[in-house]
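Visitor: Structure provided below as structure tokens; questions to follow.
The values are calculated or read from the model by the stated rules, or taken from the named source; none is laboratory data. Just so it is clear, the structure is predicted and the values come from calculations on it, not from any experiment. Here the Cβ is made from the backbone with ideal geometry for all residues, glycine too, and neighbour counts use every protein chain on show.
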Amino acid sequence: MELRELGSTGMRVSPLGLGTVKFGRNEQVKYPAAFEIPDDAAVTAILELARELGINLLDTAPAYGTAQQRLGRLLPGPREDWVIVSKVGEIFAQGRSSFDFSHAHTLATVEQSLRDLQTDYLDCVLIHSSGDDLQILEKEGVLDALKELKDRGLIRAHGMSSKTVAGGLRVVEEMDVVMATANLEYNDELPVLQTAAAARKGVLIKKGLMSGHIQGLEGVRASMRHVFSLPGVSSMIVGTIDPDHLRQNVAIMDEMT
């Protein structure tokens, strides 16, 4: 797969990114079937396969259970070969999510993520929105904290995994990267993608395969064609622990390029 510019961040990312929620969490997730969290050998194998197939982008978060700690222990190859996107804001504990977008919590979360991932920098940190995007950006301390972390060199870029058009548009104004939802059944955030493309901001797509609800190779093929026809898209995040699915997704991507 040919790497793509992540907006004007200076980073280049694979058009498919590997989502890691299934590496560490199987409670309160939106996938169509239950799954067991894979052991270390299986996680290592999927990471090595991803690297072999040309994937360099990993999407993770503190709210993904033990995913970050496992990446820190198991990630193959030199750190600089990977673009790691983490998040702040969402806390998952005792089977439920809560949120904290304060300045202090943001700093503490990133510092813990650096320890868990065994790295001295994160390539991008996204605000893990609770849904009230504008409130978070305008009234909480998280945005200032991320700007401070970027100034200190602990993160290379910042952004938000947004949930509203208004929030996504504000992200494009204020930040480096927006993670938006787009798929065959949902295109409400197209104005965000158009604005981001015009401003040369990075665009990551979540739920492009509708959290695993797209069925069959033709459904996946149609979904990927749709997502990559949209303006500004740098990469689509696909969460899988199935090597065959990963190979199939990459093969479809290669067909399109």
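Visitor: Right, Met11: touching a residue at least 24 places away in the same chain (Cβ under 8 Å), hydrophobic (A, V, I, L, M, F, W, C) and out of contact with any helix residue (DSSP H, G or I) (no Cβ under 7 Å at 6 or more places or on another chain) or not?
Guide: Yes: the conditions hold for Met11.
Visitor: Also, quick follow-up: Considering only the range 44-78, state which residues are assigned to a helix (DSSP H, G or I), in contact with a helix residue (DSSP H, G or I) (Cβ under 9 Å, 6 or more places away or on another chain) and not aliphatic (A, V, I, L, M).
Guide: Thr44, Arg51, Gln68, Gln69, Arg70, Gly72, Arg73
Visitor: I've got another one for you. Val85 - would you say it is of a type in the set (Val, Ile, Thr) and in a strand (DSSP E or B)?
Guide: Yes, satisfied.
Visitor: Give me the residue from the range 107-136 that is under 21 Å from Ala180 (Cα atoms) and β-branched (Val, Ile, Thr) and, out of that set, surrounded by the fewest Cβ atoms within 10 Å (Cβ to Cβ).
Guide: Filtering first and then ranking leaves Ile136.
Visitor: Another question, then. How many residues does the range 177-220 hold that are surrounded by 15 or more Cβ atoms within 10 Å (Cβ to Cβ), among the charged types (D, E, K, R) and either in contact with a Leu (Cβ under 8 Å, 6 or more places away or on another chain) or closer than 21 Å to Met256 by Cα (or both)?
Guide: Adding up the residues that qualify gives 2.
Visitor: Run Lys87 past the list (1) within 25 Å of Asn26 (Cβ to Cβ); (2) surrounded by fewer than 23 Cβ atoms within 10 Å (Cβ to Cβ); (3) within 19 Å of the chain's Cα centre (by Cα); (4) touching a residue at least 60 places away in the same chain (Cβ under 8 Å) and report the number of the one that doesn't hold.
Guide: Only one criterion is unmet by Lys87, namely (2).
Visitor: Let me ask something else. Can you confirm whether Lys147 is basic (Lys, Arg) and under 17 Å from Gly19 (Cβ atoms)?
Guide: no
Visitor: Look at Ala180 and say whether it is in contact with a strand residue (DSSP E or B) (Cβ under 7 Å, 6 or more places away or on another chain) and within 22 Å of Thr9 (Cα to Cα).
Guide: Spelling it out, Ala180 is indeed in contact with a strand residue (DSSP E or B) (Cβ under 7 Å, 6 or more places away or on another chain) and within 22 Å of Thr9 (Cα to Cα).
Visitor: Also, quick follow-up: Tell me which of these Gln69 doesn't satisfy, since it passes every other one: (1) over 15 Å from Leu246 (Cβ atoms); (2) free of Cβ contacts under 8 Å to residues at least 60 places away in the same chain; (3) loosely packed, with under 15 Cβ neighbours inside 10 Å.
Guide: With respect to (1) over 15 Å from Leu246 (Cβ atoms); (2) free of Cβ contacts under 8 Å to residues at least 60 places away in the same chain; (3) loosely packed, with under 15 Cβ neighbours inside 10 Å, Gln69 is out only on (3).
Visitor: When you look at Gly232, is it modelled with pLDDT of 95 or more, touching a helix residue (DSSP H, G or I) at 6+ places or on another chain (Cβ under 8 Å) and crowded, with 16+ Cβ neighbours inside 10 Å, yes or no?
Guide: It is true that Gly232 is modelled with pLDDT of 95 or more, touching a helix residue (DSSP H, G or I) at 6+ places or on another chain (Cβ under 8 Å) and crowded, with 16+ Cβ neighbours inside 10 Å.
Visitor: Another question about this same structure. With respect to the numbered conditions (1) closer than 30 Å to Leu143 by Cβ; (2) under 17 Å from the mean Cα position of the chain (by Cα), which one is the sole condition not fulfilled by Arg200?
Guide: (2)
Visitor: Follow-up. Please work out which residue is nearest to Ile155 (Cα to Cα), limiting yourself to the range 88-127 and to residues that are among the β-branched types (Val, Ile, Thr) and in a strand (DSSP E or B).
Guide: Checking each candidate, the answer is Val125.
Visitor: Same structure again: Exactly one of these conditions fails for Leu18: (1) outside any loop (DSSP other than H, G, I, E, B); (2) over 19 Å from Ser161 (Cβ atoms). Give me its number.
Guide: (2)
Visitor: Mind checking which residues of the range 75-90 are modelled with pLDDT of 95 or more, more than 17 Å from Arg12 (Cα to Cα) and of a type outside the set (Asp, Glu)?
Guide: Leu75, Pro76, Lys87, Val88, Gly89
Visitor: Within the range 126-173, work out how many residues are farther than 15 Å from Val88 by Cα and either more than 19 Å from the chain's Cα centre (by Cα) or without any contact (Cβ under 8 Å) to a residue 12 or more places away in the chain (or both).
Guide: Number satisfying all stated conditions: 9.
Visitor: Select from the range 156-176 the residues that are among the polar types (S, T, N, Q) and under 22 Å from Thr60 (Cβ atoms) and write down the one among them that is surrounded by the most Cβ atoms within 10 Å (Cβ to Cβ).
Guide: Ser162
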